[in-house]
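Student: Right, I'll just put the structure down here and ask away after.
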Amino acid sequence: MTGGYDIMIVGIGGQGTILASNILGEACLIEKRSVRGAETHGMAQRGGSVESHIRVDGRHGPLIAPGTADLLIGFDMLEALRYSHFLKDGGRLVVNRRMVIPTSVYVQKLPIPSEEEIISQLAGKDLCLIDADATAREAGSPLSVNVVMLGAASHHIPLAADSLLLAIKRLVPPNTVVINTKAFELGRAAGQTC
Amino acid sequence: MERRYLLGNEAIAHGCLESPVSFVSGYPGTPSSEVIEVLSSLPDRSYYAEWSVNEKVALENALAAAWCGVRALCTMKHVGLNVAADPLMTSAYTGVTGGLVIMSADDPYAHSSQNEQDSRMYAKFARIPCLDPATIQEAHDMVRDAFSLSEELGLPVIFRPTTRICHSKGDVELGPVLQNRRKGEFHRNPRQYVVIPAHTRILHKKLNEKQPKVRKRLGELGYNHATVRGSRAIITSGIAASYVQEVIPDDVSFLKVGAFPVDEEWLADFIRMHEEVLVIEELAPILEETVREVAGCVTVYGKKDGHAPYEGELSPAAVAGIMASCGFTPSRIFPDVSPVPDLPPRPPILCAGCMHRPVFYAIRKVFKDGIYPSDIGCYTLGLQLGAVDTTICMGASITVGSGMVHAGEEREIIATIGDSTFLHTGIQGLMNAVYNDARMTVVILDNRITAMTGHQPNPTTGLTACGMPAAPVSLEAVCRACGVGFVETVDPYDMATLTTALKDVKERPGVKVIIAKQHCVITARRAGIRRGRYRVDPETCTGCGICIAFGCPAIERDDEKASINELCSGCAVCAQLCPAGSIRKEGAR
């Protein structure tokens, strides 16, 4: 076994998954722990489905195998379902209660599961649903959804909240530190309740 | 010393700064692009950096720099090395005086590529060293060592990270950044630099004579190492070595190769200590072939006997599966799970407001029975709009089109090619098509930037890699200089003019060029251009579906009516398509 803690962050290109994974990586550095990560770049980013792998205490490769992730953070419900097989038995799932319908659904008239259907398909998992969009607006910017989600998931991440906050301060644009700090704290409070 | 959490390509760029590098050139290509992006954007650069128009141009520039005694880095993706193969092969003969490192980033699984070729093969072909990192730390250390190795051996060195090195992240120990103090100076030596037959025969012999020293020095670098732990062994290289380390049990020996060509005696000595060896590497069986040559009667498992795949990328789970298939017991068992079936896909898509979408839409309308050769860029996504029939390699839209014409294809040929791709290798095909009188239409999708790989400037942009202003190339003038009689530039957001231009060229003879010119919607937004959003009037929307079929991610179906979401960038094309006139600018009456 690797002995580390494996986190997947999934969403749609442009939702800030890379910044979220960078915050986790920076927090590992702050705690002087090794870390590995992998992410989607290039063509795959143009509004497509994206995944970031972050392996806290990782020492070898960057990839998390299906069925072995400790935590899956979904910025979108459909993407959370798409990658849900990456979670290990008993793994934790923290998902933003929101779904962007893929354009392919409109153009090709494809069927799409409803929110309720997605929730029932995830029923066997340790699921925490967060209304991150509303929380991010409350924090001061709809762009802070990624930090809200990190806050909500932070109870399960083996990194101190202080380390995550320090990482956020280092990595977000200086004029958004106050908003993102609030986003993290509001997200953390929301994550406490489920 | 400093420890940072970096993208593989950022760590590689830092390794270049530690060397220090004097000269940097390359052509963007996933997964290689961020190295030059980092190096060209740093303040107080002590080195020269450029985005070249193609990989051949980039390598010839870098080779000349290395001939002048400075340290040169040339970056590209694996398929770019095909374009640069001509100077590459003979640069091994001429050698270098300053270090020349050619970074050719491979893409197993073709995450963002047209094939899965293995750059290690080129190093073998050219008889030059190849460094193949297993981790980001090793990538950082290797690129630094590669410059001194290149200088010591007098040979270019291929540095071959893969996608899972370039685009993965890790904590990396960095060394101090050094200031480049070298200044290039060419020392005339025709016997080395003029490869006429009389000279090149001698240079080839010298290259071959260098090989034993190459193997010896590569062995001493420490990137090839072995641990004997039992009667069975796994022999591996590159990122696959990291995957092997996650699943190898304590009683199986481990040999890792990071520097090619490998010392065959060292390898043979290791193999002889075992009864069975398994070779695990991504893509071509380069290491496996050497293992099989020296293995004697030791059993070898790998690709050639069907245990490991020739294609795709590996992973810890894939390595465990290969091990199990030849009787090795992995230290870790992976669950057999599969994704939830039948979910609607979310592939990459042209952005809301992308200028390519209306062009493809209009081409399909005007040339209903046409054939659409296309090229490499974001616009390859025009496949989703039914307007891309062929893509093979950079610049091959025009050439494939003219080839079809002369083969006897009688339908209309409409080739699409981006500005950067046209400058890369499209111009020659255009000149050829005009001179040989092909009857076809070429649409240059001119968004003034190399968008797909991350918005690198090209000669249409008006800025250099380092952000210095430069006079932009006129695509109209280039086309006219190639002999094109009809060149027209249109705004692709203006559907009426675009459609008229396409209809107009239909009747004309020879090669016609339409330049559809509009800024990439992402660079436009970054530059602060705001066009205002559009919205659908639900009262008058008839639900005809025309705007939905346009395929813009800003347009949704809300019950039976269309609606526009916050992705709208205000291109107004859908408003021009709507037969009911229901789409209007927000705030307009």
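The values are calculated or read from the model by the stated rules, or taken from the named source; none is laboratory data. Since the structure is predicted, the reported quantities are computational estimates derived from the model, not experimental observations. Positions of Cβ are backbone-derived with ideal geometry, glycine not excepted, and every protein chain shown enters the neighbour counts.
Student: Please enumerate the residues belonging to the stretch A:29-49 that are more than 7 Å from chain B (Cβ to nearest Cβ) and either crowded, with 24+ Cβ neighbours inside 10 Å or basic (K, R) (or both).
Tutor: Within the stretch A:29-49, A:K32, A:R33 qualify.
Student: Out of B:A496, B:A477, B:A524, B:A516, report the one residue that is modelled with pLDDT of 95 or more and in a strand (DSSP E or B).
Tutor: B:A516
Residues checked against (1) crowded, with 24+ Cβ neighbours inside 10 Å; (2) in contact (Cβ under 8 Å) with a residue 40 or more places away in the chain:
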{"residue": "B:E220", "(1), (2)": "no, no"}
{"residue": "B:A226", "(1), (2)": "no, yes"}
{"residue": "B:V244", "(1), (2)": "yes, yes"}
{"residue": "B:P249", "(1), (2)": "no, yes"}
{"residue": "B:A308", "(1), (2)": "yes, no"}
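Student: Right, something else. Collect the residues in the stretch A:54-107 that are among the basic types (K, R) and out of contact with any Asp or Glu (no Cβ under 7 Å at 6 or more places or on another chain), keeping them in residue-number order.
Tutor: Those that are among the basic types (K, R) and out of contact with any Asp or Glu (no Cβ under 7 Å at 6 or more places or on another chain): A:R59, A:R82.
Student: Any residue at all in the stretch B:251-271 that is in a loop (DSSP other than H, G, I, E, B) and either free of Cβ contacts under 8 Å to residues at least 40 places away in the same chain or within 14 Å of chain A (Cβ to nearest Cβ) (or both)?
Tutor: yes
Student: Looking at the stretch B:428-469, which of the residues that are aliphatic (A, V, I, L, M) and in a loop (DSSP other than H, G, I, E, B) is farthest from B:P43 (Cα to Cα)?
Tutor: B:A438
Student: Filter the stretch A:83-98 for residues that are over 14 Å from the mean Cα position of the chain (by Cα) and under 19 Å from A:G48 (Cβ atoms) and give the result.
Tutor: A:H85
Student: Going by what's in this entry, would B:V53 be described as in the same structural domain as B:L153 (by TED's automatic domain parsing), in a loop (DSSP other than H, G, I, E, B), in contact with a Leu (Cβ under 6 Å, 6 or more places away or on another chain) and crowded, with 24+ Cβ neighbours inside 10 Å?
Tutor: no
Student: Here is a follow-up. Is at least one residue of the stretch B:519-540 farther than 27 Å from B:V443 by Cα, aliphatic (A, V, I, L, M) and surrounded by 16 or more Cβ atoms within 10 Å (Cβ to Cβ)?
Tutor: yes
Residue-by-condition table, conditions (1) farther than 15 Å from B:G15 by Cβ; (2) within 14 Å of another protein chain (Cβ to nearest Cβ); (3) not charged (D, E, K, R):
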site: B:E116; (1), (2), (3): yes, no, no
site: B:R120; (1), (2), (3): yes, no, no
site: B:D141; (1), (2), (3): no, no, no
site: B:A146; (1), (2), (3): no, no, yes
site: B:G154; (1), (2), (3): yes, no, yes
site: B:V157; (1), (2), (3): no, no, yes
site: B:T163; (1), (2), (3): yes, yes, yes
site: B:C166; (1), (2), (3): no, yes, yes
site: B:G170; (1), (2), (3): no, yes, yes
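Student: Which of the residues that make up the stretch A:82-124 are of a type outside the set (V, I, T), within 7 Å of chain B (Cβ to nearest Cβ) and buried (at least 20 other Cβ atoms within 10 Å of the Cβ)?
Tutor: A:R82, A:S84, A:P102, A:Y106, listed by residue number.
Student: Kindly check whether there is at least one residue in the stretch B:332-346 that is within 14 Å of another protein chain (Cβ to nearest Cβ) and crowded, with 21+ Cβ neighbours inside 10 Å.
Tutor: yes
Student: Listed residues B:A438, B:A470, B:A433; which is crowded, with 24+ Cβ neighbours inside 10 Å, at pLDDT 95 or above and touching a strand residue (DSSP E or B) at 6+ places or on another chain (Cβ under 8 Å)?
Tutor: Result: B:A433 is the single residue among B:A438, B:A470, B:A433 that is crowded, with 24+ Cβ neighbours inside 10 Å, at pLDDT 95 or above and touching a strand residue (DSSP E or B) at 6+ places or on another chain (Cβ under 8 Å).
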